[in-house]
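This report concerns only the one structure given below.
Derivation of every value follows stated rules applied to the coordinates shown; laboratory data play no part. Every value quoted in this text rests on a predicted model; they were computed, and no experiment measured them. For neighbour counting, all protein chains shown are included, and Cβ atoms are generated from backbone atoms with ideal geometry for every residue, glycine included.
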Amino acid sequence: MKKYLFLSVILVLLFGSCAERDKEPILTKVNPSTLNSLPFESASLSQPAEGASPLLCTVTWSATQFFLDGQEESSSVGPISYTLELAKAGTDFSNPQSLAVTSSLHADILTKTINDLLTKTLNVQPGETFDAELRLTATYGEGLPKTVASSNLLKLTLTPYEEVVENQLKAVYICGDMNGWNNSNTDFIMFRDDSDPSNPVYTYTGRIAANCYFKFCPEEALGTYKMYCDKGDGQMSYEENAGGAFYNATEGYKTITINAKDMTYTITDFDMTNAKTWDMVNFVGDFCGWGANNADPAMTPSSYDPHIWSLTVNVDNPGYGVKFRVDHSWDNRWCPKVPSNIPYGVAEYNPTSQDNNISIQDSGEYSVKFNDLTGHYVVMLKK
């Protein structure tokens, strides 16, 4: 009997010990994180210059603390994920936007990241102030994770900028006396030697009237008077409603070249000694059966300069590409020096080697410009 009693006591002790070990700890208290103050309460964002630091600020916070079974010392509860959130002030984070997700106690915020969030997600207009709030949420636990918000919010007023994408292939137009200073007019588009987005050089060869004033308007500034202006000594500035206009004293054909990165320009005389004046220039390709039965459309010469030609045309079959020819004939034609140069490039007059085509890829409506003096062209798919 004593033997069985002894075994019973041992079993009770063993089972009791196992039950004690298998007991899940109870989370009795959570101390949420606290966001540390930022060095500023408002920021007018500006696009970081090339080579400058892209960092706007570093946000830091204290660790979220967890207390088990009524203990006074905090304990680890496994992996914790922190999410830094931004929302419009006064909305109680009904539409929070994530700025960073990390297991660390800090997050680096890039200027572009927060600017894109404001302008592209929250639809804040560049130059418009936005009252924001920042908070931190900590997610913890496995299976059915829980989330706790920080004990405080940070208030921040932000003003986003309008991003100017470097090395983008944007159009530049001449605006001045030749088009009545119509800041939405696109008749006088500048050409390029190629379609390399990193090439900032634009050129235009054509007639410039006597006593003519003009400036250069990039595509993003159409409809405004923010333009490239003359600073003198071959230098330009990019200003709105200010800055000097370029001036041409005597009528003639000029070659204008601008560098939109270095902000420089040159204006030189163009030799018209061997220039020909054509009655008709056609745009030809698979889309018009390569001009069978004279189906290739005729371009329209500029009333200001008969050597600048324009056309808006629907290309429903890109096929083997396109080129330019005179009076529905192959006797006088221009073929691209580099077929892949589109929308900008230079065509060679009656080449003796390769009879190339401009390699357009997409069907759709195209805006076409051509300069028969230099062979420069723009074959641009309209948006």
Query - Prolate/oblate/rounded call for region 281-381, Cα gyration tensor, a/c under 1.5 rounded - result: rounded
Query raised in the report: What is the helix-to-structure angle for 2-22, meaning the angle in degrees between its Cα long axis and the longest Cα principal axis of the chain, kept from 0 to 90 and rounded to the nearest 10?
Result: 30
Report task. Answer with a single label: of [x] 36, 26, 19; [y] 69, 28, 15; [z] 43, 23, 18, which was calculated as semi-axes √(5λ) of the Cα gyration tensor in Å from the structure in view? Result -> [y]
Requested in this report: Would you mind calculating the gained length between K112 and F93 on full extension (0.36 nm times residue separation, minus the Cα-Cα distance), in nm to one decimal?
Outcome: 4.6 nm
Query - Taking region 232-383 and dividing mean pair separation by its residue count, relative contact order in percent (alpha carbons under 8 Å, at least six apart) - result: 18
Report summary line: Scoring only Lys, Arg, Asp and Glu (+1, +1, -1, -1) among other residues with Cβ under 12 Å from the Cβ of V326 yields -1
Report task. Note down the net charge around L68, summing +1 for each Lys or Arg and -1 for each Asp or Glu among other residues with Cβ under 10 Å from its Cβ. Result -> -2
**Report entry** Hits among aspartates and glutamates - C-alpha to C-alpha of K231 under 16 Å, sequence gap 8 or more where chains match
**Finding:** E239, E240, D262
Report summary line: A student applying the Cα gyration tensor rule (rounded when a/c is under 1.5; otherwise prolate if a/b is larger than b/c, oblate if not) would label region 25-159 prolate
**Report entry** Cα-Cα over 23 Å, subset of K88/K112; K337/K383; K88/K120; K337/K369
**Finding:** K337/K383
Report summary line: For K29, counting only lysines whose alpha-carbon sits under 24 Å away and dropping same-chain residues fewer than eight positions off, the answer is K146
Query raised in the report: How big is the charge dipole of the chain about its Cα centre, in debye rounded to the nearest 20, if each Lys and Arg gets +1 on its Cβ and each Asp and Glu gets -1 on its Cβ?
Result: 1160
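Just rank D305, D233, D92, D286, fewest to most, by other beta-carbon atoms within 10 angstrom.
Starting with the residue having the fewest Cβ neighbours, the order is D233, D92, D286, D305.
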**Report entry** Likely footprinting exposure, V338, V124, V164, fewest C-beta neighbours within 10 Å first
**Finding:** V164, V338, V124
Query raised in the report: Can you give the helix-only mean residue ellipticity at 222 nm for the chain, where every DSSP H stretch with n ≥ 4 adds -39500 (n - 2.57) and the sum goes over all residues, rounded to the nearest 500 deg cm²/dmol?
Result: -2500 deg cm²/dmol
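State whether region 172-269 is rounded, prolate or oblate according to the following rule on the C-alpha gyration tensor (a ≥ b ≥ c being the square roots of its eigenvalues): a/c under 1.5 gives rounded; otherwise a/b larger than b/c gives prolate, and the remaining case gives oblate.
Values: a/c = 1.27, a/b = 1.09, b/c = 1.16.
It comes out rounded by the Cα gyration axes.
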Query raised in the report: When the chain is modelled as a GNM with alpha-carbon springs shorter than 10 Å, which of G51, G244, G285 fluctuates the most?
Result: G51
**Report entry** Under 9 Å, Cβ to Cβ, from T119 - net charge with Lys/Arg +1 and Asp/Glu -1
**Finding:** -2
Query raised in the report: Which order results if M178, M227 are arranged by neighbouring Cβ count within 10 Å, fewest first?
Result: M178, M227
